[in-house]
Amino acid sequence: MDKFRMIFQFLQSNQESFMNGICGIMALASAQMYSAFDFNCPCLPGYNMAYSMGILLTPPLVLFLLGLVMNNNISMLAEEWKRPAGRRAKDPAVLRYMFCSMAQRALIAPVVWVAVTLLDGKCFLCAFCTAVPVATLGNGSLVPGLPATELARLLARVPCPEIYDGNWLLAREVAVRYLRCISQALGWSFVLLTTLLAFVVRSVRPCFTQAAFLKSKYWSHYIDIERKLFDETCTEHAKAFAKVCIQQFFEAMNHDLELGHTHGVLATATATPTTAEAAQSPSDRTEEEKEKLRGITDQGTMNKLLTSWHECKPPLRLGQEAPLMGNGWAGSEPRPPRKEVATYFSKV
Amino acid sequence: MDRFRMLFQHLQSSSESVMNGICLLLAAVTVKMYSSFDFNCPCLARYNALYGLGLLLTPPLALFLCGLLVNRQSVVMMEEWRRPAGHRKKDLGIIRYMCSSVLQRALAAPLVWILLALLDGKCFVCAFSNSVDPEKFLDFANMTPSQVQLFLAKVPCKEDEMVKDSPARKAVSRYLRCLSQAIGWSITLLLIVVAFLARCLRPCFDQTVFLQRRYWSNYVDLEQKLFDETCCEHARDFAHRCVLHFFSSMQSELRALGLRREPAGGIPESQEPPEPSEDLDGGSGKAHLRAISSREQVDHLLSTWYSSKPPLDLTASPRLWGPGLNHRAPVAAPGTRLCHQVDV
């Protein structure tokens with residue numbers, strides 16, 4: 001238990017670098033995916049733009065959704081959002097904080113994909129090859145003589161060197177260099193803009209809502225831990241429940257065997273030691289199991305407990321033993337006097 | 001187990017070494033980025049300079065912002081700068097120290113990019129090929145000015161038909177590369193000399209002030225980490241108690257409703273399950289909660305931590321720290337020390 005607590009604390013306190021590591025890995029994965037992808041421009045006037053825009057925009061969307069889905073906390077967010085308020089009011093600031101921190105991490109891979117695509121240049125070249133200014137880059141005098149469709153057909157083949165036949169109009173390398181230069185300029189501008197935005201958001205935040213931020217961080221953390229602890233407690237309970245259930249079943253079987261006279265003395269002879277054992281062991285084994293049951297011992301009650309946990313979470317106020325009946329608030333009762341003295345444990 | 005504790009303590013005690021590691025990692029990433037970037041000079045008159053200079057300056061700016069982003073201490077510094085003074089007055093010297101340390105580390109990756117670009121030479125050749133004086137090279141004597149400009153614009157592109165295998169192109173390209181590398185090495189030398197002087201001469205000026213500022217900036221960082229860690233512990237125990245309370249209050253409700261049927265030879269009705277408070281009274285559970293056990297108290301604690309940090313004086317009575325922490329019983333003697341229990 002102590003070991004898990006140490007690891008847990010290490011990860012939590014070092015969460016900054018842990019999350020930075022995750023973001024770095026996702027960025028690398030995205031770049032690797034791009035380099036493994038075989039870009040294949042159709043080189044046809046109507047299809048170039050559609051293909052390129054599809055490659056530029058669809059994988060980022062997929063990566064973003066994947067990033068959200070793979071984050072374990074998304075179900076926690078959904079649960080917290082949709083639960084009935086019950087005795088514990090919902091705090092929209094906490095929900096916003098949880099969503100923002102998940103979205104920020106999920107945005108890393110799409111941004112890297114878009115940046116790498118623009119810096120590489122093939123996509124942009126494929127999309128905008130028909131929009132190259134032939135007048136300034138190539139033989140401008142020949143342009144008026146060409147019908148628009150013929151010009152479009154010629155220029156659409158710029159990304160494909162093996163079928164390009166317009167060198168008399170515009171040198172292919174010139175067009176490729178021009179478009180790649182613009183693409184790379186756009187790519188670096190995009191990278192600069194996103195880093196600037198991230199920096200502003202991160203650095204300007206302490207100037208404003210710092211206290212609110214600390215609260216949201218604490219309570220979103222709390223919700224996560226509480227959910228895990230509830231699952232842990234339920235598992236303990238289920239285990240104890242099952243053990244006692246099986247124990248009782250065996251005891252009942254023994255009891256039946258005792259009552260059944262068909263086996264007579266033999267049954268008594270064989271049953272007595274087991275009954276004696278069963279009589280002795282509850283005192284040590286099943287006692288602690290029954291303690292773990294916390295008084296909830298049948299299916300109906302357990303179902304009621306689980307329903308109640310979802311529909312009406314307890315308020316965030318410890319130290320109250322009053323039942324949930326009546327107006328549900330035990331605030332009128334006087335608090336028992338507290339006698340503890342604060343001790344500060346330093347683990348440094 | 002011991003390894004984790006040692007690593008944990010190491011990271012906690014030397015945030016400077018962690019930051020140095022991140023700085024080196026970012027520099028390595030910069031080198032990799034530069035080598036995998038496909039340089040593509042447009043070889044057109046007006047675009048060359050824009051592209052070349054843009055590539056020399058934009059990535060360093062982005063890398064500088066990245067360096068500030070991944071450094072945790074920049075956020076800590078901003079928080080320390082913007083917090084209300086409260087019981088602990090602010091020392092601008094510490095903030096200046098933290099700022100300069102953050103900036104120094106963030107400048108490493110951009111400088112690596114700029115030096116690589118200059119020593120490699122492609123950026124410089126692309127940006128300044130049109131600005132070369134044609135008088136220096138004899139091959140341009142029999143070309144018209146516009147032809148010369150066109151030729152010079154194409155110098156960075158070796159494979160272009162107009163300038164392929166031309167000795168004039170090679171001459172201009174060599175000249176510009178030589179200039180670029182000279183500038184690159186000069187900047188490198190200058191930076192190293194400045195860093196060396198700054199490091200060697202610093203002890204001559206205000207060494208004690210420097211030591212104090214370094215200590216307190218490290219302290220601020222550690223304090224923030226420990227506060228987060230303590231909040232984690234607290235949240236865990238809060239949640240534990242909440243869950244146990246929930247289970248026990250379900251029982252009470254059921255008892256009140258008379259829904260608990262006679263158990264079949266199992267638990268006798270009179271046996272009470274152990275009260276949760278008994279479970280946690282001994283030892284770490286309640287102590288971790290430190291008598292903060294409701295939402296309002298936790299919110300109040302967090303607001304007070306932000307708006308009115310306690311003074312850096314551990315021998316003072318806790319009563320003097322303000323109303324936020326008064327949910328404990330009053331401390332008996334005014335000179336009572338807080339217990340420091342160190343886990344070894």
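Over segment B:1-116, what relative contact order in percent results from Cα pairs under 8 Å that are six or more residues apart?
41
Where in segment A:124-147 is the amide nitrogen less than 13 Å from a point lying 7 Å along the Cα-to-Cβ axis of B:GLU161?
A:138-139
What spacing in nm lies between the two simple spin-label points modelled at B:SER303 and B:ASP91, each 7 Å away from Cα in the Cβ direction?
Label at B:SER303, label at B:ASP91, 3.1 nm between them.
Determine ³J(HN,Hα), in whole Hz, for all residues of segment A:207-224 in sequence, where each value follows from phi through the Karplus function 6.51 cos²θ - 1.76 cosθ + 1.60 and θ = phi - 60°; x replaces Gly and Pro.
So the Karplus estimates, Gly and Pro as x, are 6, 10, 5, 5, 5, 4, 5, 4, 5, 4, 5, 4, 6, 6, 4, 4, 4, 4 Hz.
Quick one: 3J(HN,Hα) in Hz for segment A:140-157, Karplus 6.51/-1.76/1.60 with θ = phi - 60°, rounded, Gly and Pro as x.
Working through the residues one at a time gives x, 5, 7, 5, x, x, 9, x, 4, 5, 5, 4, 4, 5, 5, 5, 5, 8 Hz.
Between A:ALA131 and B:LYS170, what FRET efficiency comes out of the Förster formula 1/(1 + (r/R0)^6) with R0 = 41 Å and r the beta carbon distance, rounded to 0.05?
So the FRET efficiency works out to roughly 0.75.
Once a ≥ b ≥ c are taken as the square roots of the eigenvalues of the Cα gyration tensor of segment A:21-78, is the result rounded (a/c under 1.5), prolate (a/b larger than b/c) or oblate (a/b not larger than b/c)?
Note, shape of segment A:21-78 comes out oblate.
Please work out the FRET efficiency for the pair A:SER141 and A:HIS310, using the Cβ-Cβ distance as r and a Förster radius of 56 Å; give the result to the nearest 0.05.
With R0 = 56 Å, the Cβ-Cβ based efficiency is 0.15.
Relative to a virtual label point 7 Å from the Cα of B:LEU53 in the Cα→beta-carbon direction, which members of segment A:172-195 show backbone nitrogen distances below 12 Å?
Under 12 Å, as judged by backbone N against the label point of B:LEU53, lies no residue of segment A:172-195.
Under a Cβ-Cβ cut-off of 15 Å, what is the net charge of the residues other than A:PRO59 that fall near it, where Lys and Arg count +1 and Asp and Glu count -1?
Around A:PRO59, the charge tally is -1.
If each of A:ASP298 and B:SER186 carries a label point 7 Å out from its Cα toward its Cβ, how far apart are those two points in nm?
9.3
Testing the spin-label approximation: label points 7 Å from Cα along Cα→Cβ at A:GLU288 and A:SER35. State their distance in nm.
Reported label-point gap for A:GLU288 and A:SER35 is 5.6 nm.
What list do you get for A:TYR222, B:TYR215 if you sort them by fewest beta carbons within 10 Å?
B:TYR215, A:TYR222
Just want the answer: with Cβ charges of +1 for Lys and Arg and -1 for Asp and Glu, which residue in B:SER35, B:ALA45, B:HIS87 is farthest toward the dipole's positive end in segment B:26-99?
Farthest along the dipole direction, towards plus: B:HIS87.
So what's the net charge close to A:GLY187: Lys and Arg +1, Asp and Glu -1, counting the other residues with Cβ under 13 Å from its Cβ?
Residues close to A:GLY187 contribute a combined charge of 0.
What whole-number distance in Å separates the alpha-carbon centres of segment A:50-77 and segment A:130-195?
31
In whole Hz, with x marking every Gly and Pro, tabulate ³J(HN,Hα) for segment B:238-246 from phi via Karplus 6.51 cos²θ - 1.76 cosθ + 1.60, θ = phi - 60°.
Residue by residue, segment B:238-246 yields 4, 4, 4, 5, 4, 5, 5, 4, 4 Hz.
Taking a point 7 angstrom from the Cα of A:THR149 along the C-beta vector, which residues in segment A:25-49 have backbone N less than 20 Å away?
Counting backbone N atoms under 20 Å from the label point, the list is A:43-49.
Quick check: from the Cα gyration tensor, does segment A:174-227 come out rounded (a/c under 1.5), prolate or oblate?
oblate
Report D for segment B:105-235 in µm² per second (integer): Stokes-Einstein, Kirkwood Rh on Cα pairs, 37 °C, 0.692 mPa s.
169
So if I place +1 on the C-beta of Lys and Arg and -1 on the C-beta of Asp and Glu, and nothing else carries charge, what would the dipole magnitude of segment B:113-240 be about its Cα centre? I want it in debye, nearest 20.
560
In nm, what is the difference between 0.36 nm times the number of residues separating B:LEU115 and B:ASP38 and their Cα-Cα distance?
26.0 nm
Sort B:ARG241, B:ARG83 by Cβ crowding within 10 Å, fewest neighbours at the top.
If I rank by nearby Cβ atoms, fewest first, I get B:ARG83, B:ARG241.
For A:ASP165 and A:LEU28 in one chain, what is 0.36 nm times their gap in residues minus the Cα-Cα distance, to one decimal in nm?
45.5 nm
With an 8 Å Cα cut-off and a minimum separation of 6 or more residues, compute the relative contact order for segment A:45-119 in percent.
Here the relative contact order equals 51 percent.
Give me the net charge of B:PHE37's neighbourhood, meaning all other residues with Cβ under 11 Å from the Cβ of B:PHE37; Lys, Arg count +1, Asp, Glu -1.
-1
Values in this text are rule-based calculations from the coordinates and carry no lab data. These numbers were taken from a predicted model, which means no experiment stands behind them. Neighbour counts run over all protein chains shown; Cβ positions are idealised from the backbone, glycine included.
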